[in-house]
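Worksheet: the structure to be examined is printed underneath.
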Amino acid sequence: MSPRKESAFLFDLDGTLIDSVYQHVIAWREALEEVGLSLAVWKIHRRIGMSGGLFVTALRRELGDQLDDETVARLPDLHTRAYLSHYDSVRPLPGATELLAELTEQGIPWMIATSGEERSAGRARALLGLAEDLPMVTRDQVRYAKPDPDLFLTAAARLEVDIAEAIVVGDSVWDLLAARRAGALGVGLLSGGYGREELIYAGAFRVYEDPGDLLAHLDELGVRRPS
């Protein structure tokens with residue numbers, strides 16, 4: 001028999017480890033309002049988890065001729081500024097720090113891979129009690145973000161693990177689509193606002209409420225706690 005391979009965990013950030021999805025939604029709404037545009041909040045929420053570029057492409061389908069090239073170029077920075085203005089209200093999701101600590105204690109490799117840019121996503125290190133120099137794969141380090149698989153493939157390569165042995169944990173259908181395209185096992189969390197059925201249809205092998213619920217059920221993913 002060949003030796004059993006230990007899994008690695010690749011985590012999305014917003015809605016997976018930190019409770020920030022709705023701050024992003026409001027930030028996009030404020031960015032749009034600043035350029036004189038309006039879009040229903042629920043439609044914005046459905047796009048959270050995409051890269052900013054794909055988000056703007058989706059906005060163009062919704063808003064048509066209202067969104068010219070000059071406005072498109074301004075939106076990502078407007079969103080980032082608006083999001084950072086709300087950052088004081090962002091908190092770790094229940095069990096997030098404990099989950100990462102448990103994996104670290106057991107020697108199980110993990111990495112965060114997010115569609116956010118370093119200038120905003122990097123602040124989560126302190127929020128989660130992580131070292132400021134902890135590696136994190138962000139949008140500015142890859143050619144394409146979710147739903148393309150680049151973020152997760154890059155994270156697996158940096159951990160020096162086979163992507164087929166990795167478990168991707170995310171809260172959106174975009175995370176799970178990217179996991180499938182990468183060839184990893186996808187696990188969904190409800191903490192970003194997507195429904196259980198949506199996450200399963202997108203390819204989730206298991207769905208848990210939040211990081212704390214995942215921590216309580218690590219055995220279902222083949223992680224055995226020391227007795």
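Ordering L13, L54, G222 by Cα displacement along the dipole of the chain toward the positive end leaves G222 in first place; charges were set at the Cβ atoms of Lys, Arg (+1) and Asp, Glu (-1). For the chain, the longest principal axis of the C-alpha atoms and the axis of helix 69-85 are separated by about 60°. Basic side chains Lys and Arg get +1 at the Cβ, acidic Asp and Glu get -1 at the Cβ, and with that the dipole of the stretch 20-106 about its Cα centre reaches some 280 debye.
For the chain, the solvent-accessible area of protein heavy atoms averages 47 Å² per residue (probe radius 1.4 Å; ligands and nucleic acids excluded). For the chain, the share of DSSP beta bridges that are antiparallel, to the nearest 5, is 10%. Helix 150-159 and the long axis of the chain differ in direction by around 30°, with both axes built from C-alpha atoms. Of the solvent-accessible surface of the stretch 163-209, computed with a 1.4 Å probe and all protein chains present, 51% belongs to carbon and sulfur. Extension gain, D133-E160: 0.36 nm per intervening residue step, less the Cα-Cα distance, totals 7.9 nm. Charged side chains reduced to their Cβ positions (Lys and Arg at +1, Asp and Glu at -1) give the stretch 67-189 a dipole of some 160 debye around its Cα centre. Taking the longest Cα principal axis of the chain as reference, the axis of helix 21-34 is set at about 20 degrees. Measuring only protein heavy atoms, the 1.4 Å probe finds S51 accessible over about 10 Å².
Please sort 208-215, 73-80, 176-183 by packing, taking for each peptide the average over its residues of neighbouring beta carbons within 10 angstrom, highest first.
On the way: 208-215: 20.2, 73-80: 16.1, 176-183: 22.8.
Highest mean packing first, the order is 176-183, 208-215, 73-80.
The values are calculated or read from the model by the stated rules, or taken from the named source; none is laboratory data. Everything numeric here is computed off the predicted structure, so don't read it as measured data. Neighbour counts run over all protein chains shown; Cβ positions are idealised from the backbone, glycine included. For the accessible areas, the whole protein counts, side chains as well, though only heavy atoms, and no ligand, DNA or RNA atoms are used. Shrake-Rupley method; radii C 1.70, N 1.55, O 1.52, S 1.80 Å.
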